[in-house]
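These notes are about the structure you will find just below.
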Amino acid sequence: MIMVTGASGRFSSAVLAELCARGIPAVGGSRTPSVGQRHVDFSVPDSLDFNGVDTLLLVSAGAQEDDRHIALHRAAVEGAARDGVSHFVYTSLTGAGDHLSMALPHRVTERIIMTSGMTWTILRNGVYSEILGALLSWEKKGTGEMLRIVSPLGDGAVAAVARQDLARAATSVLSDPGRHEGMVYELVGSSAVSVADVAGHLGCEARDINLGEYRQRLLAIDGMPAFRQSLMLSIASVIRHGFLAGTGDDLPRLLDGDPMDPLVVAVEAVAKCCSATDVEQN
C-alpha cells in the first residue's frame with residue numbers, strides 16, 4: 001500500500017488524485033484526516049502507525065523553525081522503519097536552493113532517510129511557479145487606474161515548476177518505486193522565468209524594490225511569523241542573485257508527457273495577486 005502524508009495540503013491532494021486517476025490504490029495521512037484517511041501526527045511519534053504501508057511519501061512539513069522541522073521528519077522516518085515500510089520517498093528541496101533559509105532541514109532529513117535501512121528516493125523539488133504570485137504584488141501607477149507589478153527579484157530568474165507537474169513526477173516514482181531506488185532527482189524547470197517575462201506576458205510594467213523595502217513590506221503583514229518573514233526574504237534574495245536559474249532535465253523524464261509552461265502558471269498566479277502567506281512549499 002502507498003501512503004501520502006500531508007493529505008490535506010495542495011501538493012499531497014494532487015498526488016493522491018494522480019494516483020487515483022491511474023488506478024493505483026493509496027491512502028492519505030493527515031493530522032486532520034478526511035473519511036478514508038489515516039490520522040498521522042508527527043508531533044506525537046508514539047501515535048504513528050504505518051503498518052501495512054509498503055511505500056511512504058513524506059511531503060515535507062510546512063516552513064517552521066529548523067529544530068522542530070527536523071524533529072517531525074525524524075519521527076516520520078523512524079516510525080516508518082519501525083513499522084516495516086519498504087521504500088521511503090521524500091519531497092526535498094532542489095540542490096540549487098542550499099542558500100535558502102529553509103534548506104538545512106531538508107538536507108538533514110535526506111541524511112536521516114539514507115541511513116534508515118529502508119530503500120529510498122529523494123525528490124528535490126524546484127520552486128513552484130505559483131510562488132511568484134506570493135513574491136510579487138501590484139500597485140497603481142501614478143494617479144491613474146493602470147497597475148504595475150512590484151518586485152524584489154531584480155533581474156533574477158527562477159527555473160520554476162508547476163505544482164501539478166511535481167505531483168505527476170512523485171506519482172511516477174510511487175507507482176514503480178523499485179525503478180527509482182537510491183535516486184536523487186533534481187526537479188527544476190527546463191527554462192527560467194523572470195519578472196520581465198511575467199510583465200511582458202501581462203502587458204504591464206514592473207517596478208523593482210530593494211530587499212530592505214521588501215523586508216519592511218513583510219514586517220507590515222499582520223500575523224506573519226518571524227521565521228516566515230525570513231523565508232520570504234531568503235527566497236527573494238536567492239532568486240534576485242541568480243542562484244535558482246539553473247535548469248535541468250530530470251522532470252520530463254519522470255513525466256508521462258511534457259511539463260506545463262512555468263511562465264503561463266506563474267502569470268496566472270501573479271494575475272490572481274496571491275498574498276505573501278501562500279509561499280509555503282507544500
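The values are calculated or read from the model by the stated rules, or taken from the named source; none is laboratory data. Computed from a predicted model, the values in this text were never measured in an experiment. Cβ: placed from backbone, ideal geometry, glycine included. Neighbour counts: every protein chain shown.
Here residue 109 clears all of (1) over 21 Å from residue 233 (Cα atoms); (2) touching a His at 6+ places or on another chain (Cβ under 8 Å); (3) surrounded by fewer than 22 Cβ atoms within 10 Å (Cβ to Cβ) except the condition numbered (3). The set of residues from the range 76-86 being over 21 Å from the mean Cα position of the chain (by Cα) and of a type outside the set (Val, Ile, Thr) comprises 78, 79, 80, 81, 82, 83, 84, 86.
Taking every residue in the range 1-27 that is basic (Lys, Arg) and pairing it with any residue that is at pLDDT below 95, at least 6 positions away or on another chain, the pairs with Cβ-Cβ distances below 8 Å are 10/282.
Looking at 132, 147, 104 in this structure, which one is in contact with a strand residue (DSSP E or B) (Cβ under 6 Å, 6 or more places away or on another chain) and more than 15 Å from residue 184 (Cα to Cα)?
Values: 132 fails: in contact with a strand residue (DSSP E or B) (Cβ under 6 Å, 6 or more places away or on another chain); 104 fails: in contact with a strand residue (DSSP E or B) (Cβ under 6 Å, 6 or more places away or on another chain).
One residue alone meets the criteria, 147.
Among (1) under 23 Å from residue 120 (Cα atoms); (2) surrounded by fewer than 17 Cβ atoms within 10 Å (Cβ to Cβ); (3) touching a residue at least 24 places away in the same chain (Cβ under 8 Å), which single condition is residue 176 missing? Among (1) under 23 Å from residue 120 (Cα atoms); (2) surrounded by fewer than 17 Cβ atoms within 10 Å (Cβ to Cβ); (3) touching a residue at least 24 places away in the same chain (Cβ under 8 Å), the lone unmet condition for residue 176 is (3). Filtering 35, 15, 53 for residues that are within 17 Å of the chain's Cα centre (by Cα) and hydrophobic (A, V, I, L, M, F, W, C) leaves a single hit, 15.
The listed residues are 68, 111, 82, and the only one of them that is at negative phi, among the basic types (Lys, Arg), out of contact with any helix residue (DSSP H, G or I) (no Cβ under 8 Å at 6 or more places or on another chain) and at pLDDT below 95 turns out to be 68. Residue pairs whose Cβ atoms lie under 8 Å apart, separated by 6 or more positions or on different chains, with the first residue in the range 263-282 and within 25 Å of residue 103 (Cα to Cα) and in a helix (DSSP H, G or I) and the second polar (S, T, N, Q) and at pLDDT below 85, do not occur. You will find that of 4, 89, 27, the residue that is in a strand (DSSP E or B), surrounded by fewer than 21 Cβ atoms within 10 Å (Cβ to Cβ) and of a type in the set (Val, Ile, Thr) is 27 and no other. For the range 42-61, the tally of residues that are in a loop (DSSP other than H, G, I, E, B) and among the acidic types (Asp, Glu) stands at 2. Under the condition of being among the β-branched types (Val, Ile, Thr) and part of a strand (DSSP E or B), which residue from the range 179-194 is surrounded by the most Cβ atoms within 10 Å (Cβ to Cβ)? Filtering the range 179-194 for residues that are among the β-branched types (Val, Ile, Thr) and part of a strand (DSSP E or B), the one surrounded by the most Cβ atoms within 10 Å (Cβ to Cβ) comes out as 193.
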